[in-house]
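Only one structure is covered here, and it is reproduced in the block below.
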Amino acid sequence: MAQQRLVQLSAQRPTSTVCALGTELCVDVGGAAPKDAACFHAQGTAGVKLYVVHGAQTVKLPSSVSRWPLGAGVELLVAAEELSKDVGDEKVRVSYFGAGGGVPVGRAVLYITCVDVSLDADGSRSGVVSKTLADKRAWTWGPEGHGAILLVNCGHQQPAPGPGESRQPAGRTYRELKEASQVVLRARGPRAVFAGHRLVLHVSFGDADKLGVFHGANSVSPEEYKHVLGGEKLSYAVKPSRHQEENVFYVEGLRFPDVGFAGLLSLHATLLESPEQGLPETPVYTDTVVFRVAPWIATPNTLAPVELYVGSVATNQDFVAAVSALAERAGCPITVCPPAENRRDRWSQDEMEFGYVQAPHKTLPVVFDSPRGRGLEDFPAERILGPDVGYVAREGVSELDSFGNLEVSPPVTARGKEFPLGRVLVGSSFPRFGGRRMVKAVRDFVMAQEVQAPVELFSDWLALGHVNEFLTFVPAPDRQGFRLLLASPSACYRLLKEKRDEGYGKVVAFEGLKGVPKATVEELLADEALRQYNAFAQSCVSWNRDILKRELGLGEADIVDVPQLYMDGGDMGARAFFPAMVNMLVLGKYLGIPKPFGPVIGGRCCLEEKVRSLLEPLGLTCTFIAASSSSHAPAAAGCRGTNVRRQPFSFKWWHVVP
């Protein structure tokens with residue numbers, strides 16, 4: 001339905017008004033009618049179309065109908081279809097007649113000036129600003145949806161503010177605005193109209209702290225684009241130029257979707273008039289564009305690697321060398337974080353999670369900095385943040401806030417619903433009460449992004465409580481294009497029993513490591529306390545297995561059981577007995593797997609051989625890497641010392657139907 005504005009007529013003097021293209025004037029014919037008038041006749045010049053609403057029906061006024069009865073429900077609608085060349089060059093005349101007909105008992109004249117005031121963005125999501133027939137005040141999801149998109153400015157001078165924070169944007173250079181969304185304000189019509197009216201760009205008070213709008217002040221190549229809206233600036237008067245009918249603005253987001261903010265923002269352009277000198281201005285027409293702030297999207301292991309990060313400390317130089325060699329084989333660039341920058345905290349997998357934001361005109365990698373606050377806490381902002389990589393952070397205090405406890409699945413379909421960008425997986429204390437949970441600020445942020453509907457798993461049974469200690473995903477050539485790997489005490493016991501039955505019961509695990517208690521295959525199988533504890537661990541993994549099958553739409557053939565044992569850490573929770581092989585580095589088909597130091601049979605670790613037999617038929621190449629240069633410990637932390645920035649999904653997030 002076209003935007004309408006009520007216009008009052010007068011039988012004593014002509015009325016003048018401005019009408020915007022694409023809108024309708026609702027003319028109050030009854031208000032100006034003489035008291036003895038019973039019907040009216042309306043006629044207009046060629047540039048306007050007339051419609052009568054009578055008896056709840058809208059009828060285009062035909063020339064054959066000379067008169068319409070007046071009544072409580074009658075309306076005259078006027079639509080201007082052509083841009084005016086002069087002020088008041090279109091006219092509507094209304095003649096009133098008594099019950100007996102004859103000569104008119106009164107007349108009213110309306111002079112109309114038609115202008116074009118249009119606020120346009122990339123509502124079609126093509127990467128180019130264009131006018132659209134779709135409702136710009138609505139934002140819809142899906143491949144047939146429409147609506148403009150904003151990127152959060154999180155890749156420049158400072159990280160984007162979180163909930164409750166504010167920032168007053170300074171001016172921007174054109175280069176700095178390359179991630180911003182363009183908005184074009186068009187103002188066409190007789191110059192005299194705009195000289196007597198004011199054109200204002202404005203935002204609501206509730207939206208002002210979530211966006212910034214910049215204007216180049218009509219210069220062809222301004223050195224700096226002025227900040228005109230956002231923060232404390234709620235409105236900006238635009239002065240149409242005689243030689244320039246379009247003003248280009250650049251809009252950036254300042255907040256990601258989060259609790260209390262669904263991500264929708266509105267920008268308005270209003271034409272104001274002052275009917276008499278000294279009286280307040282009144283709105284003639286408002287055009288509105290609604291934007292949705294692009295969500296932060298996490299990337300799964302199955303996407304191609306772009307850059308590998310690894311932390312270097314005094315005791316892991318062999319690990320860094322082995323990971324560097326693997327990255328070279330995979331053709332993946334590597335960045336080593338030296339001790340001076342990591343402050344002896346090499347666990348980059350826990351410190352940050354890589355993802356991206358995307359609009360039709362730009363895709364930007366964005367690192368999500370965890371709240372863990374250890375040695376690497378400054379690395380994401382100081383080393384990774386820049387013009388080509390953005391940054392977001394939330395505060396927290398729990399061990400479960402480390403991002404080893406935030407993973408994401410590949411695209412899946414579950415219970416009839418598609419998740420083309422996968423689903424975020426976070427660990428929690430469920431189903432146990434009183435345990436640890438990921439801090440609310442992080443959970444709220446992940447939930448608010450909408451496009452990767454989170455799944456909550458039970459991870460608090462582990463000492464660290466991270467989901468990556470018992471699961472990961474690897475690419476596969478068949479079925480859904482991936483396999484879910486789950487740590488499995490049951491599979492480990494089956495393997496150990498098999499080796500004992502083959503006559504290798506006396507073979508020792510952790511052979512060659514100093515200061516580590518050795519245990520034969522027979523001793524591991526005979527340790528009843530270890531067996532009982534791993535029965536508990538298996539029940540925890542199995543609980544999560546059922547959740548993952550249901551929420552990710554997986555069958556048993558999509559899951560690979562990776563042999564793993566856990567040991568009782570008392571009140572601290574379960575710890576990996578062998579380094580957790582599921583906590584691996586995935587670089588395409590190349591896997592960097594924590595070396596388990598299992599029983600060596602025939603010159604080969606039986607755990608490694610089992611994993612090779614499970615994964616190499618999928619076209620994957622397995623490289624087992626010790627996480628420490630020391631020969632005194634198995635370094636159960638695995639590949640937590642690595643992190644990978646990956647290519648974005650080819651699927652566009654705005655095509656999702658949440």
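The values are calculated or read from the model by the stated rules, or taken from the named source; none is laboratory data. All figures in this text were calculated on a predicted structure; none of them were measured in a lab. FYI the Cβ positions are ideal-geometry reconstructions off the backbone, even for glycines, and counts take in every protein chain you see.
Here are some notes:
- The one condition in (1) closer than 16 Å to Leu9 by Cα; (2) touching a Cys at 6+ places or on another chain (Cβ under 6 Å) that Leu76 fails to fulfil: (2)
- Any hit, region 328-343, residues being surrounded by 16 or more Cβ atoms within 10 Å (Cβ to Cβ), modelled with pLDDT of 85 or more and in a helix (DSSP H, G or I): yes
- Whichever residue in region 49-71 is modelled with pLDDT of 75 or more and assigned to a loop (DSSP other than H, G, I, E, B) and, among such residues, is farthest from Gly106 (Cα to Cα): Gly71
- The criterion of at least 3 residues that are modelled with pLDDT of 95 or more and within 26 Å of Ser126 (Cα to Cα) is met, among strands (runs of 3 or more DSSP E) falling completely within region 351-439, by 352-359.
- Test: residue in region 21-34 that is part of a loop (DSSP other than H, G, I, E, B), in contact with a Lys or Arg (Cβ under 7 Å, 6 or more places away or on another chain) and surrounded by 14 or more Cβ atoms within 10 Å (Cβ to Cβ): yes
- Pairs, first more than 13 Å from Ala108 (Cβ to Cβ) in region 9-22, second assigned to a loop (DSSP other than H, G, I, E, B) and aliphatic (A, V, I, L, M), C-beta under 6 Å, six or more apart: none
- The single condition among (1) at pLDDT below 85; (2) farther than 22 Å from Asn468 by Cα; (3) in a helix (DSSP H, G or I) that Ala325 does not satisfy is (1).
- Close Cβ contacts (under 9 Å, 6 or more residues apart or on different chains) running from residues in region 439-456 that are in the same structural domain as Glu395 (by TED's automatic domain parsing) and under 14 Å from Ile297 (Cβ atoms) to residues that are of a type in the set (S, T, N, Q) and modelled with pLDDT of 90 or more comprise Val446/Gln452; Gln452/Ser409.
- Residues within region 475-523 that are part of a loop (DSSP other than H, G, I, E, B) and either surrounded by 16 or more Cβ atoms within 10 Å (Cβ to Cβ) or among the charged types (D, E, K, R) (or both), tallied: 12
- Between Val289, Val213, Val306, Val228, the distinction of being surrounded by fewer than 22 Cβ atoms within 10 Å (Cβ to Cβ), among the aliphatic types (A, V, I, L, M), part of a strand (DSSP E or B) and touching a His at 6+ places or on another chain (Cβ under 9 Å) belongs to Val228 only.
- In region 3-20, the qualifying residues are those that are surrounded by fewer than 18 Cβ atoms within 10 Å (Cβ to Cβ) and among the hydrophobic types (A, V, I, L, M, F, W, C), and the one that is nearest to Tyr51 (Cα to Cα) is Leu6.
- Of all residues in region 589-609, exactly one satisfies the criterion of being under 14 Å from Val323 (Cα atoms) and surrounded by fewer than 20 Cβ atoms within 10 Å (Cβ to Cβ), namely Tyr590.
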